[in-house]
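Here's the structure we're looking at; comments come further down.
The values are calculated or read from the model by the stated rules, or taken from the named source; none is laboratory data. Computed from a prediction, not measured in an experiment: that's the story for all the values here. When we count neighbours, we look across all protein chains shown, and the Cβ atoms used for this are built from the backbone with ideal geometry, even at glycine.
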Amino acid sequence: MSTLERPLIGVLAIQGDYAAHAKALTCSGADSVEIRLPEQIAGLDGLVLPGGESTTILKFLEKRQFFDQLSEFCRNKPVFGTCAGAILLAREVQNPAQRSLGLLDVVVERNSYGRQIDSAIVTADTAIEGGPLEMVFIRAPRITATGTGVQVLAQRDRFPTLVRQDRILAATFHPELSADHRVHRFFVQIVAATRG
């Protein structure tokens, strides 16, 4: 793939391991750029919303008048939310309730897999080609309900952990912390197909 053909994907660089996301995207056939200001999302082909603490990310977005512009972008372009990013995309957030972009037809329960000490690495089957998928959970949310347009691509204990709705992808785990870049490659393919 030449540089001109590589999609340009932004990584919201507020919290979380955004550098690891950028590296995984680069290894997966995209060019990546860190995004901290609303004006930086212009011209992007897609966007990653990394993990972190969702209420802190919300405060940052609201303080910089970024929330509405981010919402508009995510309604029209491919977006991939991981952990706190998945919470931001959800239609409904519980435990406790909080504001979200409301674009992904799922109900998410925050910190559902326990505290930091309860973090785990789980390997499970996935609809993505290549066999079982390694999933790194750190104070992860749980998807407790999905709408009819949501495709479940992986699960843990019968709860969805990786879902897709049209050009929105969301993971309750941290694929950027795994050496397996299949989830990022899958998102890059979504971005490339949408751009094409």
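Structure notes:
- Pairs meeting the criteria (first residue in the stretch 79-108 and without any contact (Cβ under 8 Å) to a residue 60 or more places away in the chain and at positive phi, second residue part of a helix (DSSP H, G or I) and surrounded by 24 or more Cβ atoms within 10 Å (Cβ to Cβ), beta carbons under 9 Å, at least 6 apart or on different chains) are 102/89.
- Of the residues contained in the stretch 90-102, none is found to be under 17 Å from residue 157 (Cβ atoms) and either in contact with a helix residue (DSSP H, G or I) (Cβ under 6 Å, 6 or more places away or on another chain) or of a type in the set (D, E, K, R) (or both).
- Residue 124, sole failed condition from (1) of a type in the set (A, V, I, L, M, F, W, C); (2) within 21 Å of residue 10 (Cβ to Cβ); (3) over 15 Å from the mean Cα position of the chain (by Cα): (2)
- One residue alone among 81, 102 is among the small types (Gly, Ala, Ser), within 21 Å of residue 182 (Cβ to Cβ) and surrounded by 13 or more Cβ atoms within 10 Å (Cβ to Cβ), and that residue is 81.
- The stretch 150-159, subset assigned to a loop (DSSP other than H, G, I, E, B) and not acidic (Asp, Glu), residue surrounded by the fewest Cβ atoms within 10 Å (Cβ to Cβ): 158
- The residue of the stretch 35-69 that is farthest from residue 7 (Cα to Cα), among those that are without any contact (Cβ under 8 Å) to a residue 40 or more places away in the chain and within 15 Å of the chain's Cα centre (by Cα), is 53.
- Within the stretch 149-161, being modelled with pLDDT of 95 or more and over 13 Å from residue 108 (Cβ atoms) holds for 149, 151, 152, 153, 154, 155.
- Residue within the stretch 137-149 that is closer than 27 Å to residue 27 by Cα, surrounded by fewer than 21 Cβ atoms within 10 Å (Cβ to Cβ), in contact with a strand residue (DSSP E or B) (Cβ under 6 Å, 6 or more places away or on another chain) and basic (Lys, Arg) present: no
- Residues (in contact with a Lys or Arg (Cβ under 9 Å, 6 or more places away or on another chain) and either under 16 Å from residue 15 (Cα atoms) or not hydrophobic (A, V, I, L, M, F, W, C) (or both)) located in the stretch 31-50: 31, 32, 36, 37, 38, 45, 46, 47
- The stretch 14-32, residues that are free of Cβ contacts under 8 Å to residues at least 60 places away in the same chain, buried (at least 18 other Cβ atoms within 10 Å of the Cβ) and not aromatic (Phe, Trp, Tyr): 14, 22, 32
- Among residues of the stretch 109-128 that are assigned to a helix (DSSP H, G or I) and at pLDDT below 65, those with a Cβ under 9 angstrom from a residue that is surrounded by 15 or more Cβ atoms within 10 Å (Cβ to Cβ) and among the charged types (D, E, K, R), sequence gap 6+ or separate chain, pair up as 116/139; 118/139.
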